[in-house]
Amino acid sequence: MASLERKQSELEEEVARGNNVDAKQKEIKRIRIKLWQHNRQVEREWYKKSRLRWLSYRDRNSRFFHLVASNRRRANSMTKLKIGDKIFSDIESLKDGVKRHFESKYNPRLRPLKVSRVEWDLRTLDSGASSKLE
């Protein structure tokens, strides 16, 4: 494979110089296809090896999965929010702060946006709640 990569770089240099461009570009394309096929084959082999390891050691990665999920939950949680100069930390003040922030962004002379109570758990937003904010 190293020889194909070397050949590809040589051909690309030839094309840059303007020597027999069409034929060289076709050859470059053929080499890229071979390299792509080789890389896909290597990936499939690594995938098969990982499945064999999983089957032989009964490794279900449950600890890893829970660590990732916990870290994601922690990273997506909202414990405090700074709007302007104020910092909101409890849930009710967070909701009220978000409500006031968005009310202040719209021109009341055009068409006032009245927001009643925000009924979302703002520590983590699911896709439905986040789409309502957009």
Just need a number here: residues in the range 75-89 that are of a type in the set (Gly, Ala, Ser) and in a strand (DSSP E or B). 0
Can you name every residue in the range 1-33 that is surrounded by fewer than 12 Cβ atoms within 10 Å (Cβ to Cβ) and in contact with a helix residue (DSSP H, G or I) (Cβ under 6 Å, 6 or more places away or on another chain)? MET1
Note: among ILE28, ILE33, ILE87, ILE83, just one is at pLDDT 80 or above, within 30 Å of PHE102 (Cβ to Cβ) and among the aliphatic types (A, V, I, L, M), namely ILE87
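The values are calculated or read from the model by the stated rules, or taken from the named source; none is laboratory data. Computed from a predicted structure; not experimentally measured. Cβ sites come from the backbone with ideal geometry, for glycine too, and all protein chains shown count toward neighbours.
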